[in-house]
Amino acid sequence: MGLTLTEKILKDHIVDGEMIKGNEIGIRIDQTLTQDATGTMAYLEFEAMGVPRVKTERSVAYIDHNTLQSGFENADDHRFIGSVAKKHGIYFSRPGNGICHQVHLERFGVPGKTLIGSDSHTPTGGGIGMIAIGAGGLDVAVAMGGGAYYITCPKVVKVELTGKLSPWVAAKDVILEVLRIMSVKGGVGKVIEYCGEGVKTLSVPERATITNMGAELGATTSIFPSDEITKQFLKAQGREEVWTPLAADEDAVYDEEIKINLSELAPLAACPHMPDNVKSVKEIGNIKIDQVCIGSCTNSSLLDMMKVAHILRGKTVHPDVSLSIAPGSKQVLNMMAQNGLLSDLIDAGARILESACGPCIGMGQSPNSKGISLRTFNRNFEGRSGTKDGQIYLVSPEMAAISAITGVLTDPREIGEMPDFKLPEEFVVNDNMIVLPADEKDMDSVEILRGPNIKPYPETAPLVKDIKCKVSLKVEDNITTDHIMPAGAKILPLRSNIPAISQHCFTVCDEKFPERAKSLGQSIIVGGANYGQGSSREHAALAPLYLGIKAVLVKSFARIHRANLINAGILPLTFVNEADYDKISEGDEIEILNVRADIEADKTELTVTNKTTGAQIPVLCELTGRTKDIILAGGLLDYTRENLK
Ligand code: MIC
Ligand code: SF4
């Protein structure tokens, strides 16, 4: 029986467990990446492990999220990360060099290798045939120390692409179509593997847009084969030698199949406030818009910018619209400066932003009240833009650019003929904003620069005998990490300071939550389906840990967040019967007696007693050998320390 591409790469990297779907497996990690908003914590954790030098083939620390620097905090974090990188053998991509996923694809990604990154959009690397997975900072720290990364051996979904995209229909429309079909929770426990004749019609940046936004499916990752097109891209980056051809076997067996005829796709948009709320322009209508933002790790490649510049050339942004554009990397921006595309954007009235995440994570450019904003980004969760009642639509760069001119949501096919956009045969390569680590012999002399806002990892404790406490919060389905631990310009500077950032935990849902949880001392949270979808930020587990949360009881979890809860020593529980969600309310007194002994004895079904109502609620606590030991130890840091002894 043939293998899928996913299975081939996983098989090459498995170091623990058996390749049986649903089993926990440990894989060797070849490369890691971090960004600054999750990076300080990841490097504090790495330091706490006491490993002198990273053991991966390549680890890169990027500065791209917190680049606003409206106080000393961000700049201090940058210096801290830069000094840790230098000391411990990590490449350091300085602020201004670009968004981690874009730069990693350009300069470091290698087909067939494994990559984990402390950012949920790490699957961008799947665009060149990597198994690239988003993870919590602590998992990345362990991988840097040479430890395996554990995942549930995934199911593999075949997405067979046929045909060719029509003019002005984009890669973004392909992933929006997949989201429409599968939904934001449809990818949990699965890898999405693209194949078929249509693949040959897509360039690497287009493939990377698709794998990037596969994160919104909740998927473990997404992957394209590595073929001649991949080779051309790597050659143009001066890295042809890292290329290898990779594809699934002809007779590979998949768990699910989806067929998409690219020729039949039309321009789509994800409507407020979920990436799977996908409609065609026709269905939405030509609504009047206030803002357009082009950029983010999903759509900021040179190819995207070529299309945008073509559409804007000689035109003027509509008087009622603000247009901002952030090219994804220094390479993209520099090439645009050299070939004149930048001038087209400036001339049309675009507000040029630095090559960083920017508005995508609420770092500036929040829309006006109730403002309708078209964004080429990947997430449109409520409030993420920084304007609570902002109405965010996720669209292709083509649709964004034409709408910025017309002032209304516009089908890009109205532009008329589309030129044949070709990627250059050679990209402009200048890695002068990537700082190399110190030589091993000099590492002791590198001083770690710590600012006053950088506070240690919160206190942890081994799992208690019984959990007896109150429910401090009850929330609904599809709670995102942006609800749990909001980001944005005001809160992101606190990422290195858990006591301070925890004051903002869940305030989007309930302003009083942090105060209430802290005063209760210990409590649990109750939630609905797909709890914790979205980002990889472990702060969404560390802030609750700091506020005394002992367990989270929900209908179902998103993958990375569940792993982060376990890593933080917080018990992840799911209802056996989803209807029991109604048998527990905020403020109820609950008990889980003998929880430690039951978990030690490998019991997977526990009972939560609602002391307030008397209800007995059966819950699942599915922990495998390793995750069980992590929970018992009080989290991955304690577990790793114990195992390093
Ligand atoms: C995001 O897009 O939500 C982020 C900001 O990139 C996060 C990481 C973070 O919260 O720092 C992600 O996607 O993992
Ligand atoms: Fe940055 Fe946005 Fe990409 Fe997250 S999704 S890495 S915030 S550009």
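The values are calculated or read from the model by the stated rules, or taken from the named source; none is laboratory data. This is a predicted model, so every value here is computed, not measured. Note that we place each Cβ from the backbone using ideal geometry, even for glycine, and neighbour counts take in every protein chain shown. We work out accessible area using only protein heavy atoms, side chains counted, and drop any ligands, DNA or RNA first. Shrake-Rupley method; radii C 1.70, N 1.55, O 1.52, S 1.80 Å.
Any chance the range 44-58 includes a residue that's modelled with pLDDT of 95 or more, touching a Leu at 6+ places or on another chain (Cβ under 8 Å) and of a type outside the set (Asp, Glu)? So far as the range 44-58 goes, no, none of its residues is modelled with pLDDT of 95 or more, touching a Leu at 6+ places or on another chain (Cβ under 8 Å) and of a type outside the set (Asp, Glu).
Looking at the structure I just gave you, is residue 70 away from ligand 2 (no atom under 16 Å from the Cβ) and not β-branched (Val, Ile, Thr)? If you could, list the steps in order and put the result at the bottom.
Details: away from ligand 2 (no atom under 16 Å from the Cβ): yes; not β-branched (Val, Ile, Thr): yes.
Taking the combined requirement at face value, the residue satisfies it.
Looking at the range 197-215, which of its residues are in contact with a Lys or Arg (Cβ under 8 Å, 6 or more places away or on another chain) and open to solvent by less than 10 Å² (accessible area, probe 1.4 Å)? Correct list: 198, 199, 209, 213.
Hey, any hits in the range 20-36 for a residue that's in a helix (DSSP H, G or I) and either within 16 Å of ligand 1 (Cβ to nearest atom) or under 21 Å from the mean Cα position of the chain (by Cα) (or both)?
Applying the first criterion (in a helix (DSSP H, G or I)) to the range 20-36 yields 36.
Still in the list and also either within 16 Å of ligand 1 (Cβ to nearest atom) or under 21 Å from the mean Cα position of the chain (by Cα) (or both): 36.
The answer is yes, given that some residue of the range 20-36 is in a helix (DSSP H, G or I) and either within 16 Å of ligand 1 (Cβ to nearest atom) or under 21 Å from the mean Cα position of the chain (by Cα) (or both).
In the range 474-502, the residues that are at pLDDT 95 or above form Cβ pairs under 7 Å with partners that are of a type in the set (Lys, Arg) and within 16 Å of ligand 2 (Cβ to nearest atom), at six or more places apart or across chains, as follows: 481/537; 482/384; 485/537; 501/495. Of the residues in the range 31-45, at least one is more than 16 Å from ligand 2 (Cβ to nearest atom) and within 21 Å of residue 126 (Cβ to Cβ).
Hey, among the residues in the range 559-571 that are among the small types (Gly, Ala, Ser) and open to solvent by 10 Å² or more (accessible area, probe 1.4 Å), which one's nearest to ligand 1 (Cβ to nearest atom)? Don't jump to the end; show me each part of the working.
Residues of the range 559-571 among the small types (Gly, Ala, Ser): 563, 568-569.
Okay, now just the ones that are also open to solvent by 10 Å² or more (accessible area, probe 1.4 Å), so 563, 569.
Working: 563: 12, 569: 20 Å.
This residue is 563.
All conditions but one from (1) open to solvent by 40 Å² or more (accessible area, probe 1.4 Å); (2) in a loop (DSSP other than H, G, I, E, B); (3) in contact (Cβ under 8 Å) with a residue 12 or more places away in the chain apply to residue 385; the one that does not is (1). Only one of the listed residues (479, 501, 448, 467) is more than 16 Å from ligand 2 (Cβ to nearest atom), within 29 Å of residue 93 (Cβ to Cβ) and crowded, with 19+ Cβ neighbours inside 10 Å. That residue is 501. Residues that are of a type in the set (Gly, Ala, Ser) and buried (at least 24 other Cβ atoms within 10 Å of the Cβ) do occur in the range 159-172.
When residues in the range 245-258 are screened for being under 20 Å from residue 227 (Cβ atoms) and either in contact with a His (Cβ under 9 Å, 6 or more places away or on another chain) or surrounded by fewer than 14 Cβ atoms within 10 Å (Cβ to Cβ) (or both), 4 of them pass.
Restricting attention to the range 524-538, the residues being assigned to a strand (DSSP E or B) and either within 11 Å of ligand 1 (Cβ to nearest atom) or within 7 Å of residue 555 (Cβ to Cβ) (or both) number 1. The residues on offer are 105, 138, 115, and the sole one that is buried (at least 24 other Cβ atoms within 10 Å of the Cβ), within 16 Å of ligand 2 (Cβ to nearest atom) and within 24 Å of residue 15 (Cβ to Cβ) is 115.
Being open to solvent by 50 Å² or more (accessible area, probe 1.4 Å) and not charged (D, E, K, R) is true of residue 643. Of the residues making up the range 389-420, those that are within 16 Å of residue 285 (Cα to Cα), of a type in the set (S, T, N, Q) and surrounded by 20 or more Cβ atoms within 10 Å (Cβ to Cβ) are 391, 403, 410.
Condition check ((1) more than 16 Å from ligand 1 (Cβ to nearest atom); (2) charged (D, E, K, R)) across all residues:
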| site | (1), (2) |
| --- | --- |
| 65 | no, no |
| 77 | no, yes |
| 82 | yes, no |
| 89 | yes, no |
| 99 | no, no |
| 103 | no, no |
| 106 | yes, yes |
| 111 | yes, no |
| 116 | no, no |
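Considered as a group, the residues in the range 173-196 that are open to solvent by 10 Å² or more (accessible area, probe 1.4 Å) and over 25 Å from residue 273 (Cβ atoms) include one that is farthest from the chain's Cα centre (by Cα), and that residue is 196. Residue count for the range 346-369 satisfying the condition of being within 12 Å of ligand 2 (Cβ to nearest atom) and open to solvent by less than 20 Å² (accessible area, probe 1.4 Å): 9. If the condition is being assigned to a strand (DSSP E or B), under 18 Å from residue 197 (Cα atoms) and of a type in the set (A, V, I, L, M), then the range 151-187 contributes 157, 159, 161. Filtered by the rule that a residue be over 15 Å from residue 395 (Cα atoms) and within 16 Å of ligand 2 (Cβ to nearest atom), the range 302-330 gives 326, 327, 328, 329, 330. A Cβ distance below 6 Å, combined with a sequence gap of six or more or placement on separate chains, defines the contacts here; from the range 459-471, residues that are more than 20 Å from residue 499 (Cα to Cα) reach residues that are among the acidic types (Asp, Glu) and not in a loop (DSSP other than H, G, I, E, B) in the pairs 468/591; 470/589.
When 637, 623, 632, 606 are screened for being in a loop (DSSP other than H, G, I, E, B) and aliphatic (A, V, I, L, M), only 623 passes.
Quick grid of which residues meet (1) part of a strand (DSSP E or B); (2) open to solvent by less than 50 Å² (accessible area, probe 1.4 Å):
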residue: 238; (1), (2): no, no
residue: 263; (1), (2): no, no
residue: 269; (1), (2): yes, yes
residue: 279; (1), (2): yes, no
residue: 292; (1), (2): yes, yes
residue: 297; (1), (2): no, yes
residue: 304; (1), (2): no, yes
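For first residues located in the range 435-455 and without any contact (Cβ under 8 Å) to a residue 12 or more places away in the chain, partners that are in a loop (DSSP other than H, G, I, E, B) and lie 6+ apart or on another chain with Cβ distances below 8 Å form the pairs 445/438.
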